[in-house]
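The values are calculated or read from the model by the stated rules, or taken from the named source; none is laboratory data. Owing to the predicted nature of the structure, the values given are computational and were not obtained by experimental measurement. Positions of Cβ are backbone-derived with ideal geometry, glycine not excepted, and every protein chain shown enters the neighbour counts. For the accessible areas, the whole protein counts, side chains as well, though only heavy atoms, and no ligand, DNA or RNA atoms are used. Shrake-Rupley method; radii C 1.70, N 1.55, O 1.52, S 1.80 Å.
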Amino acid sequence: MHEPYSYIPLTRVDQQVSQETGFAISSPILFDLLNSLSKEEHHEILNLLPANQGLIDSFSSFHCKLYLPGCLQELCEMTSGRYNTLAKLNRAFTNKIGIYKKHKAALNLIFLWDLPNYLDKQVMKSLIEYLLQHAHENVKLHFYIHTREHMPASPRVYSIMPEGKIWLENSGDATVKSPLYFQEALQTLFDPFKVKRSIMLSSGLREYILAL
């Protein structure tokens, strides 16, 4: 696995956890994806969240290299006004994500969680271009899109639970307007990726998997 990483313990599901702390949701596309991964093949996986125990446990049985930069907030702070050239954008992505040209990756699984809802559109498009430089031809891209008018003011922290659920930590009461991306807008934003599957979740999130 990719070292070093910041370690954040996952709240165990056998503990009593109040709804004020967070809540669990089903994520059928994510778990179908995990269940389809070969145990024999090598995988390179990018997860933009900090490391947590649920994530480590979920991939412990796979032969994989796991990139865990924990840089969601830093990416959200990027604007196309400040990062107004391709060179500035690529340098920032390299510094924040930690994948360098001389150690070129071959990512075949990328978890963005709900980051696309918060990124400047031009930064999002440039991030996709950057990741493509380090992606395997069979790469899969997974994320959630908010479908309600308002969403939490910042990206949530997501953890994979051992009983096949995703735990979402509450991020406070503050909200902002959602971009309310429809599939047509996502196809443009994530080009050349194409939507392969999507499903509406009861939490108000729409789950997506994209591929080239």
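Residues of segment 126-145 falling in the label zone of LEU201, defined by backbone nitrogen less than 14 Å from a point 7 Å along Cα to beta-carbon, are 142-145.
If a/c stays under 1.5 just call it rounded; otherwise compare a/b with b/c (prolate if a/b is bigger, oblate if not). Do that for segment 46-167, with a ≥ b ≥ c from the square roots of the Cα gyration tensor eigenvalues.
On the way: a/c = 1.96, a/b = 1.16, b/c = 1.69.
Oblate, since a/c reaches 1.5 and b/c is not below a/b.
Peptides 204-212, 37-45, ordered by how many other C-beta atoms sit within 10 Å of their residues on average, highest first, read 204-212, 37-45.
Please say if segment 21-73 is rounded, prolate or oblate, where rounded means a/c under 1.5 for a ≥ b ≥ c the square roots of the C-alpha gyration tensor eigenvalues, and otherwise the choice is prolate for a/b larger than b/c and oblate otherwise? Note, shape of segment 21-73 comes out oblate. Overall form of the chain: rounded. Here a/c, set by the Cα gyration tensor axes a ≥ b ≥ c, is under 1.5.
With the simple model of a label 7 Å out from the Cα in the direction of the Cβ, ALA153 to ASN84 spans 2.8 nm. Between GLN183 and HIS63, the C-beta separation translates, for a Förster distance of 30 Å, into a calculated FRET efficiency of about 0.35.
What a 1.4 Å probe finds exposed on the chain is 48% carbon and sulfur by accessible area, rounded to a whole percent. Pairs spanning more than 23 Å between alpha-carbon atoms, out of LYS65/LYS121; LYS121/LYS194; LYS104/LYS140; LYS39/LYS96: LYS65/LYS121; LYS39/LYS96.
Within 10 Å of each candidate Cβ there may be at most 14 other Cβ atoms; applying that plus a DSSP loop requirement, which GluC sites (Glu not before Pro) in segment 94-153 survive? Mind showing how you got there, number by number?
Working: sites: GLU129, GLU137, GLU149; in loops: GLU149.
Of the GluC sites (Glu not before Pro), the ones in loops of segment 94-153 whose Cβ has at most 14 other Cβ atoms within 10 Å are GLU149.
Per residue, the accessible area of segment 79-160 comes to 45 Å², computed with a 1.4 Å probe over protein heavy atoms only. Here's the picture: charge each Lys and Arg Cβ at +1 and each Asp and Glu Cβ at -1 in the chain, and of ILE160, LEU107, MET200 the one pushed furthest to the positive end of that dipole is LEU107.
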